[in-house]
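First comes the structure, then the notes that go with it.
Just so you know, all these numbers are worked out from the coordinates, no wet-lab data involved. All figures in this text were calculated on a predicted structure; none of them were measured in a lab. Methodologically, a virtual Cβ is constructed for each residue, glycine included, from the backbone with ideal geometry; neighbour enumeration extends over all protein chains shown.
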Amino acid sequence: MTGTIPAGTPAPGGVNDEVSSAPGGLVKDVVALDRVVIRLAGDSGDGMQLTGNRFTSETASFGNDLSTLPNFPAEIRAPTGTLPGVSSFQLHFADHDIMTPGDAPDVLVVMNPAALKANLVDLPGGGLLIADSDEFTPRNLAKVGYATNPLEDGSLEGWQLVAVPLTSMTTDALSGSGLGKKEAERSKNMFTLGLLSWMYHRPTEGTVRFLERQFRKKPEIAAANIAAFRAGFNYGETTEAFAVSYEIKPAPMAPGRYRNISGNQALSYGLVAAGQRSGLPVFLGAYPITPASDILHELSKHKSFGVRTFQAEDEIAGIGAALGASFGGALGITTTSGPGVALKAETIGLAVMTELPLVIVDVQRGGPSTGLPTKTEQSDLLQAMFGRNGEAPVPVVAPRSPGDCFDAAIEAARIALTYRTPVILLSDGYLANGAEPWAIPDVDSLPDLRVEFTTEPNGSAEDGTEGQFLPYLRDPETLARPWAVPGTAGLQHRIGGLEKADKTGNISYDAANHDFMVRTRQAKIDGIAASLPATEVDDPNGDARVAVIGWGSTYGPIGAACRRIRRSGRSIAQVHLRHLNPLPADLGEILARYDRVVCPEMNLGQMAMLLRAKYLIDVESHTQVRGLPFRAAELAAVLQDVIDAGAAPAGAATTGGHA
Amino acid sequence: MTTLPDPLLSHPDPTAGHVHDLGMPAADPIAAAVAAGGDKQTALKAKDFKTDQEVRWCPGCGDYVILNAVQSFLPSLGIAREDMVIVSGIGCSSRFPYYMNTYGMHSIHGRAPAIATGLAASRPDLSVWVVTGDGDALSIGGNHLIHTLRRNVNLTILLFNNRIYGLTKGQYSPTSEIGKVTKSTPMGSLDHPFNPISLALGADATFVGRAMDSDRKGLTEVLRQAAEHQGTSLVEIYQNCNIFNDGAFDLLKDPATGAQWSIPLVHGQPLVFGPDGGACVVRDEFGGLRIAETNQVDAAQIVVHDAHREDPSYAFALSRLSHQDLRYTPMGVFRSVQKPVYERMMADQLEDARAEQPADLGALLSGNDNWVVA
C-alpha cells in the first residue's frame, strides 16, 4: 500500500507536510498532527500492556501530554486467541493539554483475529488498522467465528488496512539470535513497538535502556528484544507499506521537572511522602486484590523509608494489623478494592470508636460481589459513606487523575492524623492503571504533617485527683482526642469498641453519654470542612446557568466535555469534588446559583443522591456502568442537551445508563 | 520478650551529645514521646497492675483467678506497665484489658491476633499480649490465630478455654464436646471439637502450653515461660464458667481424680503420673505415644519430656493423649523452641534496605526517567 494514511485528527491548519529521505532511497512524508489516539490489542500473552507502557514512557519523555487506558481481562491467561483473552492499551497523546485517553482510537493495532473482532467496533471509519497477518490463520479465525479472513475478504474496506506479517518478520530478524521460534515470536510486541516508534517519531534510547535493565540476568533475551525493536523501526523506515510518518510536537507545559506516573504509583508515593512529612513509620497491612495490589508491591520496595508492609492472611487482618500499628504510633494504612472494604467494615467501625488515624485505600472496581475485577467503577461511594453498623462517620477523599493520587493520599493522611480518624481514599481502576505526565513536586513544599503525641497527664479524675490521663479529652478546635503511644509512662489507658465515657474513655452504657458521643463523633467529622479550601468553580465565561459536578476519575471526561461545550459557544460551570465527606462548606451555596446541576457518575447516581439529600437541589444524574470511563463526546452531548433545553428541568431528573 | 534489643535504642539520635544545632531532622517522634514519658518503673507490685475499673465477671468465674495470677506474677518479669499492651477480642475473657493498668485494646470478635501483630511488628520494644477465648480464638478468629502462630510474631496469647459461649449466654463452642446440649443444640451438638494444643502445633507454634485456672503455681510457671519466650506463645487455660458450663474441668480439678487423669509436663523428667506414679507415657508402635502402667514397662521405655524438640510431632502426639472427656490431659509446656521472630526479621529488612540505599524522598519522586520543561 502506498499513499497518505489519515491518522489522528489534524488540527485545522495544523497539518504541515514535510518530506524526509529515508535510507534506502524512499522519500517519505512527515505529517504534523496535534493529537493521536492509538490502541494496541492482542492476546493476554502478547505483552500489549508492556508495549503500551513503553510507548507511553517514550511519549512522556518526548514531552507530549498524554493519558492512558489499559483494559485487560481478569484471567491471567485466558485461552489463547479467544475473545475473553483480549487485552488492550489505549494511549492518547497530543501537542496540547488533554484530559482523557480518547473516546475512540485513530489507530488500531491488532495482533490476532480476536483482537480485531473485539476492538473494530470502536475504530471510526477511515481509521488506520494495522494487523499481524501471520496470526490470521484458519484456526485462529475459526476460534472467533470468522468464516473468511477479514484481511482478504474486503470486509475492512471502510478502514485503512495495513496487513503486516509482524510475527514472521520478528522471527526472521532474530534468525541468528540462537533463540527458538517460540521464544523469538515473543518479541513481536517489541517489533511492533519499533514500528510505531518510527511512525510517531518517538525517542528509542529509553526502551533500549529499559530492555537492558529488565533482562539484566538474561542478556540473550535483552539482545533479542532490542534487535526486534530496531528491526521494527527500520522496517517502518524502509517499507513501502508506510509512506508517512507523523509528528506530534511536545505540549506546552508549566516549567518544571516531569515524569510519567500511574495512579497506583502516585498513590504509593503519596503514602511514603506522608510518612516522611509526619515523621511517623508507615505500616501497610494488605491482602492482594485487583486493582489495588500494585500499591502493596510498590510500598514493599520502600523499606528504607521505614515503610513496613505486611501481607496479611485476609482483608480483615490487613486492616487489623494497620490499626494495631496506629495504636503504637505508626501511620496505619490498608489498601483494597470494594469487596475488601466490605470485609474491613467492622474494623473501620472500631477505628471510628477508638479514634485512631488510619487510611483505607479503596481502588474501586466493577461490582457487586466479585463483579468486574479489572474494570473501573465508582459504585463504592455509598459503601464508603455508610457501609458500617451504627453511626460511624468516616471522611472520604477522592483523587481526580493518576498524578492527583499523590496529593489525595497526602490529604487523606493529613485528615487521619489531624482528626484521629479512619479516612477512606476512593481511587478507581481507571486512575490506578492509567498514566499521565506528572510535575514532580518539591519535597519541601509538601504539607507538614507532624503530630504531637501526648506525653503528660491532661486532666483530673472525677474525684478531683490530679495528674490523670483522659484519653477522650478532646482538642476544642478539631475535637480530636489525644494520641498517647504505648511506652509512654503514666499514660496507660484502655480503648476498645464499647461505647466510651466522655473524657475518661471508660466503658459507659449511659444513655445521655451515648447520645453525646454519637453526636460528637459526627461533629468531629463534619468539622473537617472548616479546614478545606474554598471550592473551585471552573466557569471561564462567568455566565453559566448549568453546572456539572463530579468526583474522582470522571474529572478528565467531564473536563474534556466542558471544553467541547465552550468551544461550541455555550457556557458551563464545572465543579469537581476532592472531599466527598464532609462536603465543602460552600458547596450548597455554589450549587444553588445554577438553574440546573448535572452529576455524571460511573454508578447509578450515588453522589447525586447525597447532593439531593443534603442540599435539596434537583441534581440531575447521568450515569454509566460499563466498566470504562465516560466518553467525552457523549458527555458533551448530554450536557449540551441540558443547556439547550433551557432553565427549566425537563421531565425526569435521571438520564442515563444508555451510553 | 523482655530481653529484646530496644529498637528505640538501636537508632540513637545522631544529634545526641552535640552542643550545636546541626539542623538534623528530629528524632523518631515515637521514641521522643516514650523518652518524654520519663523513667520506667520496673519495681512493681501486683496492685500496681490493678485499675480503678470494677471487675464485672460473674461471681465465681474462673477469670478472677487468672486475673489475680497474672497480676501477681507480672512484677517478677520486670516489665514497666507502660511497655505492656494487652489486646483482646470479644467475649468474657476479652474484658481482661480493662482490669490491667497497662496499655490495652478491647477490639472486635476474633481479630485480636491481627491487631496485636501490627502493633508488635511495628513496635518491637513493647511486650504485647493477647487475651482471648475458645470462641474468639478458635471460631471467628481461627484464621488469625493460625497465621499468627506460623509467623512467630512476638506475642503471648492467653486462650481462656471454658468450652462454652458465655457472653452470648450459653451456646456450644468449637471446644465443646460432641453431644453437648446447649441452647442452640437442644439435641446435642454435632461438631467435632478442636483440640487447641493440637491446632497450634499443627500451625508450627514455637511455644505451646496448658494450665488450669485454679492451679496458681502451675499457671504461673507456664505463664512465666510463655512470657520469656521469643516468638508467639500460646497458653491454653482451662477456665471454669460457673454459669453456663460449671464443673467442666472437675475431673482434673478434683483431688480425687485430678492426679489420675492429669499428666504433668516437666522438661527433662519422665512422663510418670497418677496416684503413686502408677501410669506413664511410652512410645507406641506407630511412632506416637500411649499410656502404660508403670510397673508393666521398663524404666527406659518411659518417655522423658523434651519441650525443645524441633520436630513438633512429639508434642502433637502428647496433645493427642487426651480425650474429649479430659482423661489423660497433659498440663504444662508441650513445646518451646527457638525460631526467628517476625518483627525482628522485619526490622532487619528495613535496616538492610537503609544500608543499601538511604531514604531520599526527592530521588524517589523524581525516578529514573524524567524531563525538564523550561
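When only alpha carbons are used to place a centre, the stretch A:243-285 and the stretch A:370-449 end up 15 Å from one another. Remark: mean inter-chain Cβ contacts per residue of B:350-363 equal 4, using a 10 Å Cβ-Cβ cutoff to other protein chain atoms. Exposure proxy shown here: for B:136, A:502, the number of other Cβ atoms within 10 Å sets the order, fewest to most, as A:502, B:136. Summing charges over neighbours of residue A:533, with a neighbour being any other residue whose Cβ is under 10 Å away from its Cβ, gives -1 when K and R count +1 and D and E count -1.
Counting every other Cβ atom within 10 Å of each residue's Cβ, A:92, B:109, B:305 order from fewest to most as B:109, B:305, A:92. The three principal axes of the C-alpha atoms in the stretch B:221-260 carry coordinate ranges of 36, 26, 10 Å, sorted with the longest axis first.
Based solely on its DSSP helices, what 222 nm [θ] is calculated for chain A when runs of n ≥ 4 H residues each add -39,500 (n - 2.57) and the sum is averaged over all residues, nearest 500 deg cm²/dmol? It would help to have the intermediate numbers written out before the result.
Details: 20 runs with 221 residues, N = 659.
Per the formula, -10000 deg cm²/dmol.
Considering only the other residues whose Cβ falls under 12 Å of the Cβ of residue B:44, what net charge follows from Lys and Arg at +1 and Asp and Glu at -1? Combined, the nearby Lys, Arg, Asp and Glu give +2.
With a cut-off of 19 Å on the backbone N, the residues of the stretch A:529-543 near the modelled label site 7 Å out from residue A:477 along Cα-Cβ are A:529-534.
Between the C-alpha center of the stretch A:347-369 and that of the stretch B:319-369 there is a gap of 26 Å. Within straight-line reach of residue A:181, meaning a Cα separation under 30 Å, sit the following lysines at least 8 residues removed in sequence or on another chain: A:117, A:143, A:217, A:218. Relative to its Kirkwood radius, the Cα radius of gyration of chain B gives an Rg/Rh of 1.05. Relative to the compact-globule estimate of 2.2 N^0.38 Å, the Cα radius of gyration of the stretch A:165-309 comes out at 1.40.
Between beta-carbons, use under 11 Å as the cut-off and find the net charge around residue A:335, counting Lys and Arg +1, Asp and Glu -1.
-3
Under a cut-off of 19 Å between alpha-carbon atoms, report the aspartates and glutamates in cross-link reach of residue B:47, not counting same-chain residues fewer than 8 places apart. Counting by Cα, and skipping residues close in sequence, residue B:47 has these aspartates and glutamates nearby: B:63, B:82, B:83. Helices that extend 20 Å or more along their long axis by alpha-carbon positions and average at least 0.5 on the Kyte-Doolittle scale are, among the DSSP H runs of chain A, A:338-354, A:404-419. Expressed to the nearest 5 percent, the antiparallel share of DSSP beta bridges inside the protein assembly as shown is 35 percent.
Each label point was placed 7 Å from the Cα along the Cα-to-Cβ direction; for residue A:314 and residue A:212 their separation is 5.0 nm. Set the Cα radius of gyration of the protein assembly as shown against 2.2 N^0.38 Å, with N its number of residues, and you get 1.08. Compactness of the stretch A:453-531 is given as radius of gyration and Dmax, 13.1, 37 Å, from Cα positions.
Could I get the Rg over Rh figure for the stretch B:198-323? Both from C-alpha atoms, Rh via Kirkwood, rounded to two places. Before the final figure, lay out the partial values.
Working: Rg = 15.2 Å, Rh = 15.7 Å.
The Rg/Rh ratio comes out at 0.96.
A quarter of the convex hull surface defined by the alpha-carbon atoms of the stretch A:537-656 gives 6.7 nm² as the mean projection.
Classify the stretch B:52-185 as rounded, prolate or oblate from the Cα gyration tensor: take a ≥ b ≥ c as the square roots of its eigenvalues, call it rounded if a/c is under 1.5, otherwise prolate when a/b beats b/c and oblate if not. Present the calculation step by step, with values, prior to reporting the outcome.
Details: a/c = 2.26, a/b = 1.36, b/c = 1.67.
Oblate.
Please work out the ratio of the alpha-carbon Rg of the stretch B:317-374 to 2.2 N^0.38 Å and round it to two decimals.
Working: Rg = 26.3 Å, N = 58, 2.2 N^0.38 = 10.3 Å.
Ratio of Rg to 2.2 N^0.38 Å for the stretch B:317-374: 2.56.
Once the Cα-Cα distance is subtracted from the 0.36 nm per residue extended length, the residue B:360 to residue B:42 segment shows a gain of 110.5 nm. The Cα trace of the stretch A:259-445 gives Rg and Dmax of 14.6, 44 Å, the first to one decimal, the second as a whole number.
What average number of partner chain Cβ atoms lie no more than 10 Å from the Cβ of the residues making up A:244-254? Let's see the in-between values first.
Numbers: counts 0, 0, 0, 0, 0, 0, 2, 1, 1, 2, 1.
Mean partner shielding for this stretch: 1.
Computed over the stretch A:18-248, the alpha-carbon pair-distance distribution with 5 angstrom bins reads 1, 7, 14, 19, 21, 19, 12, 6, 2, 0, each value a whole percent.
Ranked by how many other Cβ atoms sit within 10 Å of their own Cβ, fewest first, the residues B:345, A:517, B:187, A:602 fall in the order B:187, B:345, A:517, A:602.
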